[in-house]
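Student: Let me give you the structure first, and then I'll get to my questions.
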Amino acid sequence: MIPAAFWAAVGLLLLRVDALASAQRRPAFFAAALAVVGIATVGVVWPVDRVDELLGDVNAVDLIQVLAATAAFWFLRDATRAHAGSAARSRLPFLVAVLAVETVTFVAIPDHVGEPTTYIHEHLQYPATWLHIVVYMVAMGWFALDSIRALTPGVRGADVLFVVGFALVVLAVVAELVDVTAVFVAGEQTTFSRTMLVVFNGLFYPGLVAISVAHGWRTVRRLAPVLRWRAVSVRLFLISARDRSAGGPALRLTGNAEVAAAQQYIELRDKIVAGRLEVTEDEERFLRRVDERLADGVSAWV
(Lines give C-alpha, C1' and ligand atoms only; values in the text may rest on other atoms or scores of the structure.)
Protein backbone atom coordinates (compact mmCIF):
# COMPACT_ATOMS: atom_id res chain seq x y z
CA MET A 1 0.00 0.00 0.00
CA ILE A 2 2.91 2.39 0.68
CA PRO A 3 4.21 2.19 -2.93
CA ALA A 4 0.65 2.81 -4.15
CA ALA A 5 0.45 5.93 -1.97
CA PHE A 6 3.81 7.11 -3.34
CA TRP A 7 2.89 6.66 -6.99
CA ALA A 8 -0.54 8.22 -6.42
CA ALA A 9 1.24 11.28 -5.01
CA VAL A 10 3.68 11.30 -7.95
CA GLY A 11 0.80 11.12 -10.41
CA LEU A 12 -0.99 13.97 -8.68
CA LEU A 13 2.21 16.03 -8.71
CA LEU A 14 2.63 15.57 -12.48
CA LEU A 15 -1.01 16.44 -13.12
CA ARG A 16 -0.71 19.54 -10.95
CA VAL A 17 2.37 21.12 -12.57
CA ASP A 18 0.25 23.75 -14.29
CA ALA A 19 -1.18 24.74 -10.90
CA LEU A 20 1.98 26.74 -10.15
CA ALA A 21 0.56 29.50 -12.32
CA SER A 22 -2.62 29.72 -10.23
CA ALA A 23 -2.62 30.97 -6.64
CA GLN A 24 -5.84 29.06 -5.98
CA ARG A 25 -4.49 25.71 -7.22
CA ARG A 26 -0.90 26.13 -6.03
CA PRO A 27 -1.49 24.55 -2.57
CA ALA A 28 -2.45 21.24 -4.23
CA PHE A 29 0.89 21.17 -6.08
CA PHE A 30 2.85 21.93 -2.90
CA ALA A 31 0.91 19.24 -1.03
CA ALA A 32 1.68 16.64 -3.70
CA ALA A 33 5.36 17.60 -3.87
CA LEU A 34 5.77 17.38 -0.11
CA ALA A 35 3.85 14.09 -0.01
CA VAL A 36 6.30 12.64 -2.52
CA VAL A 37 9.21 13.75 -0.31
CA GLY A 38 7.59 12.40 2.84
CA ILE A 39 6.64 9.00 1.47
CA ALA A 40 10.03 8.64 -0.26
CA THR A 41 11.69 8.75 3.18
CA VAL A 42 10.07 5.45 4.20
CA GLY A 43 12.19 3.55 1.68
CA VAL A 44 9.83 2.95 -1.25
CA VAL A 45 12.19 4.58 -3.77
CA TRP A 46 15.66 4.55 -2.27
CA PRO A 47 16.97 2.42 0.63
CA VAL A 48 16.22 4.50 3.70
CA ASP A 49 19.52 3.48 5.32
CA ARG A 50 21.44 4.93 2.39
CA VAL A 51 19.44 8.17 2.47
CA ASP A 52 20.04 8.55 6.20
CA GLU A 53 23.75 7.88 5.75
CA LEU A 54 23.96 10.71 3.24
CA LEU A 55 22.26 12.99 5.79
CA GLY A 56 24.85 12.28 8.48
CA ASP A 57 23.61 8.98 9.87
CA VAL A 58 21.71 10.70 12.71
CA ASN A 59 18.22 9.59 11.65
CA ALA A 60 17.53 12.98 10.13
CA VAL A 61 15.42 11.13 7.58
CA ASP A 62 12.76 10.71 10.29
CA LEU A 63 12.66 14.45 10.86
CA ILE A 64 12.37 15.12 7.11
CA GLN A 65 9.47 12.68 6.92
CA VAL A 66 7.65 14.41 9.77
CA LEU A 67 8.25 17.94 8.45
CA ALA A 68 7.29 17.03 4.88
CA ALA A 69 4.11 15.20 5.92
CA THR A 70 3.03 18.02 8.23
CA ALA A 71 3.54 20.69 5.57
CA ALA A 72 1.89 18.48 2.94
CA PHE A 73 -1.29 18.17 4.99
CA TRP A 74 -1.19 21.89 5.71
CA PHE A 75 -1.26 22.73 2.00
CA LEU A 76 -3.68 19.88 1.33
CA ARG A 77 -6.10 21.52 3.73
CA ASP A 78 -5.78 24.81 1.80
CA ALA A 79 -6.35 22.95 -1.47
CA THR A 80 -9.44 21.30 0.00
CA ARG A 81 -10.77 24.63 1.22
CA ALA A 82 -10.29 26.10 -2.26
CA HIS A 83 -12.09 23.12 -3.79
CA ALA A 84 -14.96 23.59 -1.34
CA GLY A 85 -15.26 27.25 -2.36
CA SER A 86 -13.89 28.71 0.86
CA ALA A 87 -11.77 31.86 0.68
CA ALA A 88 -10.12 31.02 4.00
CA ARG A 89 -6.40 30.28 3.91
CA SER A 90 -4.15 29.00 6.66
CA ARG A 91 -1.72 31.35 8.32
CA LEU A 92 1.82 30.36 7.39
CA PRO A 93 3.39 31.48 10.73
CA PHE A 94 1.39 28.78 12.49
CA LEU A 95 2.82 26.12 10.19
CA VAL A 96 6.31 27.45 10.84
CA ALA A 97 5.65 27.23 14.59
CA VAL A 98 4.47 23.61 14.34
CA LEU A 99 7.50 22.66 12.24
CA ALA A 100 9.77 24.41 14.71
CA VAL A 101 8.31 22.47 17.66
CA GLU A 102 8.69 19.20 15.74
CA THR A 103 12.31 20.06 14.97
CA VAL A 104 13.18 21.13 18.53
CA THR A 105 11.63 18.01 20.08
CA PHE A 106 13.48 15.81 17.58
CA VAL A 107 16.81 17.47 18.32
CA ALA A 108 16.10 17.07 22.06
CA ILE A 109 16.01 13.27 21.77
CA PRO A 110 19.16 12.19 23.65
CA ASP A 111 20.17 9.34 21.38
CA HIS A 112 20.12 9.61 17.58
CA VAL A 113 21.68 6.22 16.89
CA GLY A 114 19.61 3.37 15.45
CA GLU A 115 17.96 1.93 12.37
CA PRO A 116 15.94 4.63 10.56
CA THR A 117 12.93 2.34 10.05
CA THR A 118 12.61 1.55 13.77
CA TYR A 119 14.38 4.52 15.34
CA ILE A 120 11.35 6.39 16.69
CA HIS A 121 9.63 3.41 18.29
CA GLU A 122 12.89 2.23 19.83
CA HIS A 123 13.36 5.64 21.49
CA LEU A 124 9.86 6.25 22.80
CA GLN A 125 11.07 5.89 26.39
CA TYR A 126 12.32 9.48 26.04
CA PRO A 127 9.72 12.22 26.71
CA ALA A 128 11.13 14.27 23.81
CA THR A 129 10.42 11.42 21.36
CA TRP A 130 6.88 10.95 22.63
CA LEU A 131 6.19 14.71 22.47
CA HIS A 132 7.71 14.89 18.98
CA ILE A 133 5.30 12.27 17.65
CA VAL A 134 2.31 13.60 19.59
CA VAL A 135 2.77 17.10 18.11
CA TYR A 136 3.15 15.57 14.65
CA MET A 137 0.07 13.36 14.94
CA VAL A 138 -2.14 16.01 16.52
CA ALA A 139 -1.25 18.46 13.75
CA MET A 140 -2.01 15.88 11.06
CA GLY A 141 -5.29 14.91 12.68
CA TRP A 142 -6.30 18.54 13.08
CA PHE A 143 -5.61 19.36 9.42
CA ALA A 144 -7.53 16.26 8.30
CA LEU A 145 -10.52 17.06 10.53
CA ASP A 146 -10.54 20.67 9.34
CA SER A 147 -10.55 19.43 5.74
CA ILE A 148 -13.58 17.23 6.45
CA ARG A 149 -15.31 20.22 8.04
CA ALA A 150 -14.63 22.32 4.92
CA LEU A 151 -16.16 19.64 2.69
CA THR A 152 -19.35 19.13 4.69
CA PRO A 153 -22.25 19.58 4.33
CA GLY A 154 -23.01 18.97 0.67
CA VAL A 155 -20.61 16.09 -0.03
CA ARG A 156 -20.99 14.96 -3.63
CA GLY A 157 -19.09 13.14 -6.35
CA ALA A 158 -15.36 12.84 -5.72
CA ASP A 159 -15.84 14.65 -2.39
CA VAL A 160 -16.86 11.28 -0.94
CA LEU A 161 -13.33 10.01 -1.59
CA PHE A 162 -11.90 13.12 0.07
CA VAL A 163 -13.98 12.60 3.19
CA VAL A 164 -13.20 8.87 3.33
CA GLY A 165 -9.49 9.55 2.88
CA PHE A 166 -9.34 12.23 5.56
CA ALA A 167 -11.45 10.09 7.92
CA LEU A 168 -9.00 7.20 7.50
CA VAL A 169 -6.15 9.58 8.31
CA VAL A 170 -7.92 10.73 11.49
CA LEU A 171 -8.49 7.14 12.60
CA ALA A 172 -4.85 6.36 11.81
CA VAL A 173 -3.74 9.30 13.94
CA VAL A 174 -5.78 8.01 16.87
CA ALA A 175 -4.20 4.57 16.46
CA GLU A 176 -0.70 6.05 16.37
CA LEU A 177 -1.31 8.21 19.44
CA VAL A 178 -2.47 5.13 21.33
CA ASP A 179 0.54 3.21 20.01
CA VAL A 180 3.25 5.70 21.01
CA THR A 181 1.63 6.44 24.36
CA ALA A 182 1.44 2.74 25.18
CA VAL A 183 5.14 2.32 24.37
CA PHE A 184 6.06 5.44 26.34
CA VAL A 185 4.17 4.27 29.45
CA ALA A 186 5.40 0.67 29.22
CA GLY A 187 8.95 1.70 28.42
CA GLU A 188 9.10 -0.83 25.59
CA GLN A 189 7.18 -2.09 22.59
CA THR A 190 4.40 -4.56 23.35
CA THR A 191 2.16 -6.79 21.29
CA PHE A 192 -0.58 -4.20 21.69
CA SER A 193 1.62 -1.34 20.47
CA ARG A 194 2.80 -3.34 17.48
CA THR A 195 -0.81 -4.10 16.62
CA MET A 196 -1.69 -0.41 16.78
CA LEU A 197 1.23 0.38 14.48
CA VAL A 198 -0.14 -2.11 11.95
CA VAL A 199 -3.55 -0.46 12.29
CA PHE A 200 -1.95 2.95 11.66
CA ASN A 201 -0.27 1.78 8.46
CA GLY A 202 -3.43 0.00 7.35
CA LEU A 203 -5.45 3.22 7.68
CA PHE A 204 -3.02 6.03 6.91
CA TYR A 205 -1.71 4.98 3.50
CA PRO A 206 -5.10 3.92 2.05
CA GLY A 207 -6.31 7.33 3.24
CA LEU A 208 -3.51 9.03 1.29
CA VAL A 209 -4.37 7.02 -1.81
CA ALA A 210 -8.06 7.98 -1.55
CA ILE A 211 -7.19 11.67 -1.20
CA SER A 212 -4.71 11.53 -4.10
CA VAL A 213 -7.20 9.74 -6.36
CA ALA A 214 -9.88 12.33 -5.53
CA HIS A 215 -7.55 15.24 -6.32
CA GLY A 216 -6.33 13.44 -9.43
CA TRP A 217 -9.89 12.90 -10.65
CA ARG A 218 -10.68 16.59 -10.20
CA THR A 219 -7.53 17.52 -12.09
CA VAL A 220 -8.28 15.15 -14.97
CA ARG A 221 -11.81 16.51 -15.25
CA ARG A 222 -10.44 20.06 -15.39
CA LEU A 223 -7.77 19.15 -17.95
CA ALA A 224 -9.98 17.00 -20.18
CA PRO A 225 -11.57 19.91 -22.13
CA VAL A 226 -8.13 21.49 -22.61
CA LEU A 227 -6.66 18.24 -23.93
CA ARG A 228 -9.61 17.78 -26.28
CA TRP A 229 -9.17 21.25 -27.76
CA ARG A 230 -5.43 20.60 -28.11
CA ALA A 231 -6.28 17.44 -30.06
CA VAL A 232 -8.56 19.52 -32.30
CA SER A 233 -5.70 21.97 -32.91
CA VAL A 234 -3.39 19.14 -33.89
CA ARG A 235 -5.88 17.71 -36.39
CA LEU A 236 -6.57 21.16 -37.86
CA PHE A 237 -2.83 21.66 -38.22
CA LEU A 238 -2.39 18.34 -40.02
CA ILE A 239 -5.14 19.22 -42.48
CA SER A 240 -3.81 22.74 -43.03
CA ALA A 241 -0.24 21.48 -43.48
CA ARG A 242 -1.21 20.01 -46.87
CA ASP A 243 -1.23 23.55 -48.25
CA ARG A 244 2.35 24.54 -49.04
CA SER A 245 1.59 27.66 -51.06
CA ALA A 246 2.52 30.08 -48.28
CA GLY A 247 4.81 28.00 -46.10
CA GLY A 248 3.87 25.60 -43.34
CA PRO A 249 1.15 26.58 -40.83
CA ALA A 250 1.96 27.26 -37.18
CA LEU A 251 0.89 24.74 -34.55
CA ARG A 252 -0.46 26.71 -31.60
CA LEU A 253 -0.39 24.74 -28.36
CA THR A 254 0.05 27.62 -25.93
CA GLY A 255 -2.42 29.97 -24.32
CA ASN A 256 -6.15 29.31 -24.14
CA ALA A 257 -6.78 25.94 -25.83
CA GLU A 258 -10.14 26.93 -27.34
CA VAL A 259 -8.86 30.25 -28.67
CA ALA A 260 -5.85 28.50 -30.24
CA ALA A 261 -8.14 25.96 -31.91
CA ALA A 262 -10.41 28.78 -33.16
CA GLN A 263 -7.44 30.53 -34.77
CA GLN A 264 -6.35 27.29 -36.46
CA TYR A 265 -9.92 26.76 -37.67
CA ILE A 266 -10.29 30.26 -39.16
CA GLU A 267 -6.98 29.99 -40.99
CA LEU A 268 -7.95 26.60 -42.38
CA ARG A 269 -11.37 27.84 -43.55
CA ASP A 270 -9.67 30.81 -45.26
CA LYS A 271 -7.46 28.41 -47.20
CA ILE A 272 -10.46 26.34 -48.26
CA VAL A 273 -12.42 29.44 -49.39
CA ALA A 274 -9.38 30.70 -51.31
CA GLY A 275 -9.20 27.38 -53.12
CA ARG A 276 -5.75 26.57 -51.81
CA LEU A 277 -6.90 23.41 -50.04
CA GLU A 278 -9.48 20.69 -50.55
CA VAL A 279 -10.80 18.54 -47.71
CA THR A 280 -12.41 15.13 -47.65
CA GLU A 281 -16.01 14.49 -46.60
CA ASP A 282 -14.81 13.17 -43.26
CA GLU A 283 -12.69 16.28 -42.69
CA GLU A 284 -15.62 18.51 -43.67
CA ARG A 285 -17.82 16.78 -41.08
CA PHE A 286 -15.06 17.31 -38.52
CA LEU A 287 -14.86 21.02 -39.42
CA ARG A 288 -18.61 21.41 -39.04
CA ARG A 289 -18.44 19.88 -35.55
CA VAL A 290 -15.64 22.27 -34.65
CA ASP A 291 -17.68 25.19 -35.97
CA GLU A 292 -20.70 24.14 -33.90
CA ARG A 293 -18.66 23.89 -30.73
CA LEU A 294 -16.97 27.22 -31.31
CA ALA A 295 -20.35 28.82 -32.02
CA ASP A 296 -21.74 27.41 -28.77
CA GLY A 297 -18.73 28.75 -26.84
CA VAL A 298 -18.39 25.42 -25.01
CA SER A 299 -14.83 24.50 -23.95
CA ALA A 300 -15.29 20.79 -24.49
CA TRP A 301 -15.19 18.29 -27.29
CA VAL A 302 -17.59 15.38 -27.18
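Student: Net charge around Val183, counting only other residues with Cβ within less than 15 Å of its Cβ (Lys, Arg = +1; Asp, Glu = -1)? If you can, show how the numbers build up before the last one.
Tutor: On the way: positive: Arg194; negative: Glu122, Glu176, Asp179, Glu188.
Charge balance in the 15 Å sphere: -3.
Student: Still on this structure: How about the stretch 49-117: which trypsin sites (Lys or Arg not before Pro) there lie in a loop by DSSP and see at most 11 other Cβ atoms within 10 Å?
Tutor: Those that pass, being in a loop and sparsely packed, are Arg91.
Student: Moving on to the next point. How high is the FRET efficiency from Gln125 to Val155, r the C-beta distance, R0 45 Å, rounded to 0.05? Walk me through the numbers on the way to the answer.
Tutor: Values: r = 43 Å, r/R0 = 0.95.
Efficiency for this residue pair is about 0.60.
Student: If you add up the charges near Val135, with Lys and Arg at +1 and Asp and Glu at -1, over every other residue whose beta carbon is less than 13 angstrom from its beta carbon, what do you get?
Tutor: Details: positive: none; negative: Glu102, Glu176.
Summing Lys/Arg as +1 and Asp/Glu as -1 gives -2.
Student: Then there is this: For the stretch 51-181, which whole percent of the accessible surface, found with a 1.4 angstrom probe, sits on carbon and sulfur atoms? It would help to have the intermediate numbers written out before the result.
Tutor: Values: 4000 of 5650 Å².
Carbon-and-sulfur percentage of accessible area, whole number: 71.
Student: Sticking with this structure for a sec: At 0.36 nm per residue, and after removing the present C-alpha to C-alpha distance, how many nm does the segment from Thr190 to Asn256 gain when stretched out fully?
Tutor: 17.8 nm
Student: According to a simple spin-label model (label point 7 Å from Cα along Cα-to-Cβ), what is the distance in nm between His112 and Glu284?
Tutor: In this crude spin-label approximation the distance works out to 7.6 nm.
Student: If you average the C-alpha positions of the stretch 181-217 and of the stretch 58-137 separately, how far apart do those two centres end up, in angstrom?
Tutor: When both Cα centres are located, 15 Å separates them.
Student: Loop only by DSSP, 13 or fewer other Cβ within 10 Å of the Cβ. Give me the trypsin sites (Lys or Arg not before Pro) in the stretch 98-201 that pass, ordered by residue number.
Tutor: Arg156
The values are calculated or read from the model by the stated rules, or taken from the named source; none is laboratory data. Only a predicted model underlies this, so the values are computations on that prediction, with no experimental measurement involved. Backbone-built Cβ (ideal geometry, glycine too); neighbour counts: all protein chains shown. For accessibility, only protein heavy atoms count, side chains too; no ligands or nucleic acids. Shrake-Rupley method; radii C 1.70, N 1.55, O 1.52, S 1.80 Å.
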